[in-house]
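The values are calculated or read from the model by the stated rules, or taken from the named source; none is laboratory data. As the structure is a computational prediction, the values presented were derived from the model and not from experiment. Because the Cβ atoms are built from the backbone with ideal geometry, glycine has one as well, and the counts that use them run over all protein chains shown.
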Amino acid sequence: MRNLIIIGLLAAVAAPTAVSAQSVGEVRRGQRDVQQQQRELQDARRYGNGRDVQEQRRDVQQARQELREDQRDLRNRQAYVAPYRNWSYRPVAPGYRLQPGFYGQRYVVANPSFYRLRPAARNQQWVRYGNDLLLVNVRNGRVIQVVRSRY
């Protein structure tokens with residue numbers, strides 16, 4: 001029995017996972033698919049029976065899940081490119097002084113609330129540093145807060 005469980009776990013790990021998003025266009029198609037499934041759910045509520053509504057709800061949930069996976073895959077594909085040649089990641093702590101290239105416009109987090117971060121105050125910006133997010137004082141380059149592995 002124990003061997004069957006182990007074999008089952010190995011098969012689950014070895015099984016291919018869902019295909020990842022290849023482009024922004026694929027994410028947009030996923031969004032349109034969710035909208036289409038929602039329209040079909042509305043039609044099922046209007047004209048169908050209980051079983052039709054249940055099936056359409058499942059379809060909407062699946063479309064939303066696929067969209068979330070595509071969005072996550074697209075975010076993971078967008079690799080970090082350092083502003084300086086021969087740079088290698090080193091964890092930083094509050095008080096560390098960043099070079100200006102690290103908190104330039106290319107690295108600014110446009111929507112901090114998406115990452116559950118507080119809004120940046122005056123003369124501060126949330127920036128991406130590797131997979132970390134840093135709150136930086138843009139006047140002197142000092143790191144105010146570090147959120148590890150959030151990007």
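Can Val127 be described as over 29 Å from Val24 (Cα atoms), modelled with pLDDT of 90 or more, among the hydrophobic types (A, V, I, L, M, F, W, C) and buried (at least 16 other Cβ atoms within 10 Å of the Cβ)? Considered against the rule, which asks whether it is over 29 Å from Val24 (Cα atoms), modelled with pLDDT of 90 or more, among the hydrophobic types (A, V, I, L, M, F, W, C) and buried (at least 16 other Cβ atoms within 10 Å of the Cβ), Val127 comes out as no. Here Gln35, Gln22 are screened, and the one residue that is out of contact with any strand residue (DSSP E or B) (no Cβ under 9 Å at 6 or more places or on another chain), in the same structural domain as Arg72 (by TED's automatic domain parsing), at pLDDT 95 or above and exposed (fewer than 13 other Cβ atoms within 10 Å of the Cβ) is Gln35. Against the condition in the same structural domain as Gln35 (by TED's automatic domain parsing) and among the β-branched types (Val, Ile, Thr), how does Val109 come out, does it pass? Judged against the criteria, Val109 is not a match.
Among the residues making up the stretch 49-91, those that are surrounded by fewer than 10 Cβ atoms within 10 Å (Cβ to Cβ) and more than 30 Å from Tyr107 (Cβ to Cβ) are Asn49, Gly50, Arg51.
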